[in-house]
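The values are calculated or read from the model by the stated rules, or taken from the named source; none is laboratory data. All values derive from a computational prediction rather than experimental measurement. FYI the Cβ positions are ideal-geometry reconstructions off the backbone, even for glycines, and counts take in every protein chain you see.
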Amino acid sequence: WGTIKQRALDTGAASCYVADVKKEYVEQYVWPALKAQAVYEDKYLLGTSTARPLIAKVLVEYARKEKAVAIAHGATGKGNDQVRFDLGIMAFAPDLEIIAPWRTWDIKSREEEIEYLEKRNIPVPMKKSDSYSRDDNLWHISHEGLELEDPANEPSLDRMLKMTVPPEKAKDQAEYVEVEFEKGIPVAVNGKKMNGVDLIKTLNKIGGPHGVGIVDLVENRVVGMKSRGVYETPGGAILYYAHGELEHLCLDRQTYSFKQMVGQKMAEVIYGGLWFTPLREALSAFVDTTQRTVTGKVRLKLYKGAISSAGVTSPYSLYNTSIASFTTGELYNHGDAKGFIRLYGLPILVRALMEQGFVKDTQHVDGQEAKSAGVAG
């Protein structure tokens, strides 16, 4: 951070604030997304999307301290981040001007941006030939650009990856890891209680060498175009998998089914920069209700890029061996199934009887319209 601050001052900043908001990021942004099982387009665990609202919020806080009249950001004019930053700033400071040089200057690529900085003796920690566009935070690392701009190309994982390794180069020995949750929030790894920041760091270190959490995705951006990125989220992948296994055990069928829809909508809302909206708050409120019983321990096996369940326990488990087993139990009578299936399948039965001629149209009798009586129920 000292390097960041010094670079800012060396390149003309009057002052520089470096804020450590990892704890707030995890507790107020990552955990809500995790509890919702929010995954954008079936793959993306929203590492960048969850970080931008907090950055915008902190930007406004410091802008107010400095009595600034404008906030500037470096998001490109084609990307999602410009939307996320702008909407976040609008939510807290609708009076401040937003300056986005990429939308007004003639710079059209990362290469031109690097060239611009080099001409002005501003140090750049990358080369034009290796200018992946990266976003790196506690939760993930994203990679865009270079060979990824053509979806026909295989990603160059060997030179790209920072937190993980390609699955074929992962450890040859499987590793087991246990994650404990309380009301949907992870609180311990392998029996050791820890705060959210340390927990994610620990799982990143455990999962990275096993090549888990690598995603190659062609996604639909907010601004309408498609883009491609490779995401590394080893700790996040472990947590999402473990949390999902626990929900399978603790949530009833109807709640689980509806929550799947809520999670998908939550992902779209977060991805689209709509964190500070009544809709996101309402979705989170529903999710929090479902998490009251999502408490327990999940054991996972990590091997060559794959995560699999190795056992799950919970004091709120809805799985009852005496009911689920094929042996006779007092609560469940096999004979009850016949009536249930007949009523459950009644629409199928009626349609089949009608279509196959076993039952005639009852709406007309001898050419005269039949009278029907309404039954309240």
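Taking the listed residues Lys127, Lys162, Lys169, the one that is over 30 Å from Leu203 (Cα atoms) and either in contact (Cβ under 8 Å) with a residue 12 or more places away in the chain or not polar (S, T, N, Q) (or both) is Lys127, with no other qualifying.
For the structure I just gave you, tell me whether Arg299 is charged (D, E, K, R), more than 15 Å from Ile185 (Cα to Cα) and touching a Gly at 6+ places or on another chain (Cβ under 8 Å). Answer is yes for this residue.
Cβ-Cβ distances below 8 Å connect the following pairs, each with a first residue in region 336-351 that is farther than 21 Å from Ile323 by Cα, a second residue that is among the β-branched types (Val, Ile, Thr), and a separation of six or more residues or different chains: Val350/Val359. Taking region 198-252 as the range and being of a type in the set (Ser, Thr, Tyr) and touching a helix residue (DSSP H, G or I) at 6+ places or on another chain (Cβ under 7 Å) as the test, the residues that pass are Tyr231, Thr233, Tyr240.
Every test in (1) at pLDDT 95 or above; (2) out of contact with any strand residue (DSSP E or B) (no Cβ under 7 Å at 6 or more places or on another chain); (3) among the aliphatic types (A, V, I, L, M) is passed by Ala75 save one, and that test is (1). Of the helices (runs of 4 or more DSSP H) lying entirely inside region 188-297, those containing at least 1 residues that are at pLDDT 95 or above, over 22 Å from Tyr176 (Cβ atoms) and among the acidic types (Asp, Glu) are 253-271, 278-290.
Applying the criterion of being surrounded by 24 or more Cβ atoms within 10 Å (Cβ to Cβ) and under 16 Å from Gly296 (Cα atoms) to the residues of region 234-246, the residue that is farthest from the chain's Cα centre (by Cα) is Leu246. With respect to the conditions (1) in contact (Cβ under 8 Å) with a residue 40 or more places away in the chain; (2) closer than 21 Å to Val124 by Cβ; (3) in contact with a Ser or Thr (Cβ under 7 Å, 6 or more places away or on another chain); (4) not aliphatic (A, V, I, L, M), Trp102 falls short on a single one, namely (1). Scanning region 190-220 for residues being over 28 Å from His143 (Cα atoms) and either in contact with a His (Cβ under 8 Å, 6 or more places away or on another chain) or of a type in the set (A, V, I, L, M, F, W, C) (or both) gives a total of 1.
Looking only at region 71-119, residues that are out of contact with any helix residue (DSSP H, G or I) (no Cβ under 8 Å at 6 or more places or on another chain) and of a type in the set (A, V, I, L, M) come to 4 in all. Hey, could you check region 331-358 for residues that are over 27 Å from Leu246 (Cα atoms) and assigned to a loop (DSSP other than H, G, I, E, B) and say which is modelled with the highest pLDDT? Within region 331-358, the match that is modelled with the highest pLDDT is Gly345.
Suppose we keep only residues that are part of a loop (DSSP other than H, G, I, E, B) and under 17 Å from the mean Cα position of the chain (by Cα) within region 131-148. Which one would you say is surrounded by the fewest Cβ atoms within 10 Å (Cβ to Cβ)?
Here the answer is Asn137.
Restricting to region 79-130, name every residue that is surrounded by 15 or more Cβ atoms within 10 Å (Cβ to Cβ), of a type in the set (Asp, Glu) and under 23 Å from Gly273 (Cα atoms). Residues satisfying the conditions are Asp81, Asp86. Scanning region 157-187 for residues that are loosely packed, with under 15 Cβ neighbours inside 10 Å, out of contact with any strand residue (DSSP E or B) (no Cβ under 7 Å at 6 or more places or on another chain) and part of a loop (DSSP other than H, G, I, E, B) returns Lys171, Asp172, Gln173, Lys183.
Listed here are the residues, each with its yes/no results for (1) at pLDDT 95 or above; (2) among the charged types (D, E, K, R).
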site	(1), (2)
Ile141	yes, no
Gly145	no, no
Asp150	yes, yes
Met163	yes, no
Pro167	yes, no
Asp172	yes, yes
Tyr176	yes, no
Glu182	yes, yes
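If the condition is being touching a residue at least 40 places away in the same chain (Cβ under 8 Å) and within 18 Å of Val60 (Cβ to Cβ), then region 5-22 contributes Ser15, Tyr17, Ala19. When Glu268 is tested against (1) under 29 Å from Pro151 (Cβ atoms); (2) buried (at least 19 other Cβ atoms within 10 Å of the Cβ); (3) in contact (Cβ under 8 Å) with a residue 24 or more places away in the chain, just one condition goes unmet, and that condition is (2).
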